[in-house]
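Data first, discussion second: the structure below is written as structure tokens.
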Amino acid sequence: MDISVILPVVNEGPNLRLLIPKLTAVFDRERLSHEILVVDGGSSDGTRETAESLGARVVAERRRGYAGALETGFAEAHGDYVLTLDADQSHDPDFVVKMWRARARADIVIASRYTRGGVAYSDFVRRVSSWLLNGVLRRMLSMPVRDLSSGYRLYRRDALANLDLRSTNFEVLEEILVKAYARGFNIVEVPFIYFPRGAGRSHAKLLSFGWSIMRSSVGLWKMRNSLASADYDERGFYSVIPIQRFWHRRRHHITVSWARGSSRVLDAGCGSSLIVQSLNYAIGMDFNFGKLRFLRRYGMPLVNASAFALPFKDSSFDCVISSQVIEHIPFDESLFAEMRRVLRVGGTLILGTPDYATIGWRIIEPVYGFLMPGGYKDEHITHYTLEKLKEILHRHGIAVEEAAYVARSELILRCRKLDSNERAQATVLPSASNAA
């Protein structure tokens, strides 16, 4: 089935008599197989009977409230795409055609009142309140969306899987977008002209709606600033916070300047970093599929795999990058053995991690953890120092050639894989020195 339509309703019988035939006509004209799901919140005006007589399938909401209605509809839908809209005629059914055409550009399509070309012809108080609320949320949640509260949307079905929705009412609209975007799904806005509802009375109360959204946005803010957010690394590069922006750009400058010119590069644990995006012949690899899903939009080769078992042949790369990875996973010799294995003799290994021997990092980490709860601090489970890394790399036949720091705290090493003769000499020399 091409598309499932979800209509959350409470006493919308008169509007459904107009809306459902219009939707059916649009889908027939576009030759789209479809179903219309009316999720009833306890109507008493014959809404159920009206909808069924027009060919819609009616289900009772499993959990009270707008969020419960959407959740019920998502669970019942069979289409490859899921369309949500209001049943009060404020969402023009003919606009579905534009949204359907835009599906190739993103996983979620929003009919947007506030993107360029969109207009909201509601009363002054609602229009200004909605515009301000969306502006605050966009900045607070760092979302590339101007109309987060629009309920007129087309979703790729995959984007709705396993969202674990916690909202009860209209704040679910922001929750869906933030959680889907945090998992790497792409969003596009299509300009939409909004007119007020047709028959009946609105079930959205402006003040309670705004309060619910602001209250739920605190938890969503924590998610957006956590390691789980697919665009975490890229967002740091463009951060409005000067120190965060400097940190990411200094790391990028050092790493890319050492890696540029290599013909085959592996960024093992790439996340959504600008590093892998900046190199011409790089393959991005990460264990987190959401981060790879986010990077798909840039058209680079990507691999979902573990750093403990790299899915590449021996000596496949001229340069291997592991930036801000090894501190997030338990120490194991195989981690370093695998990086050496896939690197050609004489190839460059670029290794970045916090140096826990520095006073700077021991001060910065707790401060960062306080300012960014749920961020990387809580994920640093293995602590390295420069001397410790030199010892580990020496065991694996890798020589440290240059060391650089970001703010005298984050260590970045440029290393070289030794050939068998160099490795034998490197093993003998420390012993001879010790004997002397």
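The values are calculated or read from the model by the stated rules, or taken from the named source; none is laboratory data. Here the structure is a predicted model, which is why all the values come from computation and not from measurement. In this analysis, Cβ positions are derived from the backbone assuming ideal geometry, glycine residues included, and neighbour counts consider all displayed protein chains. Surface areas here come from the heavy atoms of the whole protein model, side chains and all, with no ligands, DNA or RNA. Shrake-Rupley method; radii C 1.70, N 1.55, O 1.52, S 1.80 Å.
Failed condition for residue 339, given (1) loosely packed, with under 14 Cβ neighbours inside 10 Å; (2) aliphatic (A, V, I, L, M); (3) within 29 Å of the chain's Cα centre (by Cα), with all others met?
Looking at each condition in turn, residue 339 falls short on (1).
State whether the residues of the stretch 126-133 include one that is surrounded by 15 or more Cβ atoms within 10 Å (Cβ to Cβ), under 23 Å from residue 297 (Cβ atoms) and of a type outside the set (Lys, Arg).
No, the stretch 126-133 has no match at all.
List every residue pair whose Cβ atoms sit under 9 Å apart, with the two residues 6 or more apart in sequence or on different chains, where the first one lies in the stretch 312-330 and is at positive phi and the second, anywhere, is open to solvent by 10 Å² or more (accessible area, probe 1.4 Å) and among the hydrophobic types (A, V, I, L, M, F, W, C).
Final answer for the pair search is 315/345.
In this structure, does residue 122 turn out to be within 16 Å of residue 151 (Cβ to Cβ), touching a Pro at 6+ places or on another chain (Cβ under 7 Å), open to solvent by 20 Å² or more (accessible area, probe 1.4 Å) and not acidic (Asp, Glu)? Show your work before the answer.
Numbers: within 16 Å of residue 151 (Cβ to Cβ): yes; touching a Pro at 6+ places or on another chain (Cβ under 7 Å): yes; open to solvent by 20 Å² or more (accessible area, probe 1.4 Å): yes; not acidic (Asp, Glu): yes.
It is true that residue 122 is within 16 Å of residue 151 (Cβ to Cβ), touching a Pro at 6+ places or on another chain (Cβ under 7 Å), open to solvent by 20 Å² or more (accessible area, probe 1.4 Å) and not acidic (Asp, Glu).
Can you run down the residue pairs with Cβ atoms below 8 Å, 6 or more apart or on separate chains, where the first is in the stretch 1-17 and in contact (Cβ under 8 Å) with a residue 60 or more places away in the chain and the partner is open to solvent by 50 Å² or more (accessible area, probe 1.4 Å) and of a type in the set (A, V, I, L, M)?
16/54
Every residue in the stretch 24-43 that is closer than 22 Å to residue 170 by Cβ and either of a type in the set (S, T, N, Q) or crowded, with 17+ Cβ neighbours inside 10 Å (or both), please.
36, 37, 38, 39, 40, 41, 43
Within the stretch 274-285, does at least one residue satisfy the condition of being hydroxyl-bearing (Ser, Thr, Tyr) and open to solvent by less than 60 Å² (accessible area, probe 1.4 Å)?
Scanning the stretch 274-285, I find at least one residue that is hydroxyl-bearing (Ser, Thr, Tyr) and open to solvent by less than 60 Å² (accessible area, probe 1.4 Å), so the answer is yes.
Tell me the strands (runs of 3 or more DSSP E) entirely within the stretch 19-123 that contain at least 3 residues that are within 22 Å of residue 187 (Cβ to Cβ) and under 28 Å from the mean Cα position of the chain (by Cα).
Per the criteria, 81-84, 108-112.
For residue 386, are the conditions met, namely being modelled with pLDDT of 95 or more and crowded, with 18+ Cβ neighbours inside 10 Å?
So residue 386 does not fit the description; no.
Taking the stretch 216-233 as the search range and keeping residues that are touching a residue at least 40 places away in the same chain (Cβ under 8 Å) and open to solvent by 30 Å² or more (accessible area, probe 1.4 Å), which one is farthest from residue 273 (Cα to Cα)?
Keep residues of the stretch 216-233 that are touching a residue at least 40 places away in the same chain (Cβ under 8 Å), which gives 216-217, 219-233.
Those still in the list that are open to solvent by 30 Å² or more (accessible area, probe 1.4 Å) too: 216, 219, 221-223, 227-228.
Numbers: 216: 28, 219: 24, 221: 20, 222: 20, 223: 18, 227: 12, 228: 14 Å.
Only one residue fits best here, namely 216.
I'd like to check something: does the stretch 309-321 contain any residue that is under 21 Å from the mean Cα position of the chain (by Cα), farther than 18 Å from residue 415 by Cβ, part of a loop (DSSP other than H, G, I, E, B) and at pLDDT 95 or above?
no
Among 412, 392, 381, 398, which is exposed (fewer than 14 other Cβ atoms within 10 Å of the Cβ) and either more than 27 Å from residue 244 (Cα to Cα) or within 28 Å of the chain's Cα centre (by Cα) (or both)?
After applying the criteria, what remains is 381.
Within the bounds of the stretch 65-87, is there any residue that is modelled with pLDDT of 95 or more, touching a Pro at 6+ places or on another chain (Cβ under 6 Å) and open to solvent by less than 20 Å² (accessible area, probe 1.4 Å)?
Yes; the residues of the stretch 65-87 include at least one that is modelled with pLDDT of 95 or more, touching a Pro at 6+ places or on another chain (Cβ under 6 Å) and open to solvent by less than 20 Å² (accessible area, probe 1.4 Å).
Taking the stretch 324-355 as the search range and keeping residues that are among the acidic types (Asp, Glu) and not in a loop (DSSP other than H, G, I, E, B), which one is farthest from residue 384 (Cα to Cα)?
338
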